[in-house]
Amino acid sequence: MNKIRKGLFGYLESMIMIILIIILWCITVKYGNINAILLPSPQMIVSTFLKKLQDGSLLTEIAVSISRVLKGYFCAVIAGTSLGVAIGLSEHMHRMTKVVIQILKPIPPIAWIPLVILWMGIGESSKVFLIFLGGFFTVLLNVVDGIRYIDPKIIEVSYAAETPKIKYIFQLVLPAALPNIFTGLKVALGTSWSCVVAAELVAASNGIGYMISNARNFGQMDVVIIGMLSIGIVGKGMDEILKWMERKALAWNF
């Protein structure tokens, strides 16, 4: 009961904050002598949003971006988790890859855009690959850390019981590393959205990033804001799904 009450109270606080922002926005537009081209009013945003919703263009662009994010994200999760398990379980692999990962990790995904376009063109694969790069290292490092910091007693027990390698990985290692893994999954999801927008801003003919870029060129700031809010809302929704999965998988940790 306390959890439900706490959740409702948190939701109410969030709604109050959103309402305050909208009120401040309305006051700023009305009394701040600001050109509507630079900062459209909330009423104008809602009107444009409804039009784009009715003609289906907004949902189409959102669907395209979601598809790209999911493709790149799932590839990053599979590759990052697989390699992370291998590195986390092998001291030799950890030493071999440590320097390479430390060099590549700080490079922002956006910096890869020129090379990715040169290697793969401006087709769908280049955008998915860029999203993959954005999420891969985050997932990889969290999996490695999660495995390397497992309680040594768990490892000792598995060795004493002569647990088969596959069973050891799936029934002991991965469950013990899940808190770290889910942290990486959530961060990687946010990075994936940043990457898809960056890719679509540079080289695309559809998607939310393209819609924002095209609207900016024509001075349609209402469409730009709608695109930004759409990314935030969809990203928040996907994050909540991931948090729900985390609660189910780590019920003992909540």
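State whether one or more residues within region 170-178 are touching a helix residue (DSSP H, G or I) at 6+ places or on another chain (Cβ under 7 Å) and closer than 20 Å to Tyr73 by Cα.
Yes; the residues of region 170-178 include at least one that is touching a helix residue (DSSP H, G or I) at 6+ places or on another chain (Cβ under 7 Å) and closer than 20 Å to Tyr73 by Cα.
Identify the residue in region 165-224 that is charged (D, E, K, R) and touching a Lys or Arg at 6+ places or on another chain (Cβ under 8 Å) and, among all such residues, is surrounded by the most Cβ atoms within 10 Å (Cβ to Cβ).
Out of the qualifying residues, it is Glu200.
What number goes with the only condition from (1) more than 26 Å from the chain's Cα centre (by Cα); (2) surrounded by fewer than 15 Cβ atoms within 10 Å (Cβ to Cβ); (3) in a helix (DSSP H, G or I); (4) modelled with pLDDT under 90 that Gly10 does not pass?
Of the numbered conditions (1) more than 26 Å from the chain's Cα centre (by Cα); (2) surrounded by fewer than 15 Cβ atoms within 10 Å (Cβ to Cβ); (3) in a helix (DSSP H, G or I); (4) modelled with pLDDT under 90, the odd one out for Gly10 is (1).
Looking at the structure I just gave you, is Lys127 assigned to a helix (DSSP H, G or I), farther than 24 Å from Tyr210 by Cα and either modelled with pLDDT of 90 or more or among the small types (Gly, Ala, Ser) (or both)?
Criteria not met by Lys127.
Using the structure shown, decide if Pro106 is outside any helix (DSSP H, G or I) and either among the aliphatic types (A, V, I, L, M) or under 26 Å from Trp193 (Cβ atoms) (or both).
yes
List the pairs whose first member sits in region 225-254 and is surrounded by 15 or more Cβ atoms within 10 Å (Cβ to Cβ) and modelled with pLDDT of 90 or more, whose second member is not in a helix (DSSP H, G or I) and not polar (S, T, N, Q), and whose Cβ atoms are under 8 Å apart, counting only residues at least 6 apart or on separate chains?
Ile225/Pro40
Of these, Val64, Val69, Val100, which one is aliphatic (A, V, I, L, M) and free of Cβ contacts under 8 Å to residues at least 24 places away in the same chain?
Going through Val64, Val69, Val100 in turn, just one is aliphatic (A, V, I, L, M) and free of Cβ contacts under 8 Å to residues at least 24 places away in the same chain: Val100.
I'm trying to understand the selection: among the residues of region 37-61, which are in contact (Cβ under 8 Å) with a residue 40 or more places away in the chain and outside any helix (DSSP H, G or I)?
Residues satisfying the conditions are Ile37, Leu38, Leu39, Pro40.
Go through (1) more than 29 Å from Cys75 (Cα to Cα); (2) of a type in the set (Val, Ile, Thr); (3) within 19 Å of the chain's Cα centre (by Cα) for Ile231 and report which single condition fails.
(1)
The values are calculated or read from the model by the stated rules, or taken from the named source; none is laboratory data. The structure displayed is predicted, hence computed values, not measured ones. When we count neighbours, we look across all protein chains shown, and the Cβ atoms used for this are built from the backbone with ideal geometry, even at glycine.
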